[in-house]
Structures are given as structure tokens and as C-alpha cells.
Amino acid sequence: MRDDLSATLYTRSGCRLCDETAAELARLADQLRFKIEVIDINADAEAYDRWWAEIPVVVAGATVLRAPISTARLRAAILAAVRESA
């Protein structure tokens with residue numbers, strides 16, 4: 001596990017796109033060895049105010065991905081974050 005690299009997933013329960021993004025993010029984390037922080041926007045007022053209309057949202061390094069998030073875009077964002085942290 002890389003301590004210097006993480007991705008944050010903003011999500012909420014009952015969101016199918018969020019579940020799909022979380023599953024793909026977990027697969028990438030297994031391959032590339034980074035941490036995932038999951039924030040349920042329903043439990044975080046600031047995150048809700050910022051992201052409610054755009055979830056799922058993934059923040060990886062300087063990249064912010066908003067729905068819809070393809071596997072290719074997610075992988076590219078994570079790889080860019082890996083390069084940034086090197």
C-alpha cells in the first residue's frame with residue numbers, strides 16, 4: 001500500500017453509479033496499491049453541498065472526475081496521480 005497516494009470517492013447509498021465506480025476503484029487499488037477514502041455525502045454536509053448533483057465523484061491527486069466516470073478515465077486519473085506522487 002502506498003502511503004503517499006490515495007483517492008477519495010464521494011458517494012451515497014442507493015447510487016448504482018457510485019457502486020460501480022467503487023468496484024472499479026477497488027480493482028485499481030488492488031493493482032496499483034493505493035488507499036481509498038470513501039465519503040458518504042449524506043453524512044457530510046460540506047461534501048453534500050459541494051457534490052450532491054455530480055456523484056459519484058473521485059478525487060485523485062489534482063484530478064477530479066464527476067459522473068459519469070468511465071473505467072478508462074478513472075484509470076488515467078489514478079495513473080496521473082501515481083506520476084504526480086513519484
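Any residue at all in the range 41-56 that is of a type in the set (S, T, N, Q) and within 26 Å of GLU84 (Cα to Cα)?
Here is the first cut: in the range 41-56, the ones of a type in the set (S, T, N, Q) are 42.
From what is left, the residues that are within 26 Å of GLU84 (Cα to Cα) are none.
Checked against the condition, which is being of a type in the set (S, T, N, Q) and within 26 Å of GLU84 (Cα to Cα), the range 41-56 yields no hits at all.
Output yes when any residue across the range 33-54 is part of a helix (DSSP H, G or I), surrounded by fewer than 19 Cβ atoms within 10 Å (Cβ to Cβ), modelled with pLDDT of 95 or more and among the aliphatic types (A, V, I, L, M), and no when none is.
Initially, the range 33-54 is screened for residues part of a helix (DSSP H, G or I), giving 41-43, 45-51.
Checking the rest, the ones that are also surrounded by fewer than 19 Cβ atoms within 10 Å (Cβ to Cβ) come to 42-43, 45-46, 48-50.
Among the residues that remain, those that are also modelled with pLDDT of 95 or more are: 42-43, 45-46, 48-50.
Filter again for among the aliphatic types (A, V, I, L, M), leaving 43, 45.
Yes, that holds for at least one residue.
Need the failing condition index for VAL64 against (1) surrounded by fewer than 13 Cβ atoms within 10 Å (Cβ to Cβ); (2) aliphatic (A, V, I, L, M); (3) not in a helix (DSSP H, G or I), just the number.
Single failed check for VAL64: (1).
Have a look at ALA29, ALA7, ALA23 and point out the one that is at pLDDT below 95 and among the aliphatic types (A, V, I, L, M). First the steps, then the outcome.
Details: ALA7 fails: at pLDDT below 95; ALA23 fails: at pLDDT below 95.
The unique qualifying residue is ALA29.
For the range 1-39, enumerate the residues that are under 12 Å from the mean Cα position of the chain (by Cα), of a type in the set (D, E, K, R) and closer than 16 Å to ALA67 by Cβ.
Result: ASP19, GLU20, GLU24.
Please tell me if ARG27 is in contact (Cβ under 8 Å) with a residue 12 or more places away in the chain and either touching a Pro at 6+ places or on another chain (Cβ under 7 Å) or not hydrophobic (A, V, I, L, M, F, W, C) (or both). Give the steps one after another, and end with the answer.
Numbers: in contact (Cβ under 8 Å) with a residue 12 or more places away in the chain: no; either touching a Pro at 6+ places or on another chain (Cβ under 7 Å) or not hydrophobic (A, V, I, L, M, F, W, C) (or both): yes.
It is false that ARG27 is in contact (Cβ under 8 Å) with a residue 12 or more places away in the chain and either touching a Pro at 6+ places or on another chain (Cβ under 7 Å) or not hydrophobic (A, V, I, L, M, F, W, C) (or both).
The values are calculated or read from the model by the stated rules, or taken from the named source; none is laboratory data. If you're wondering where the values come from, they're calculated on a predicted model, not measured in any experiment. Ideal geometry is used to build each Cβ from the backbone, glycine not excepted, and the neighbour counts take in all protein chains shown.
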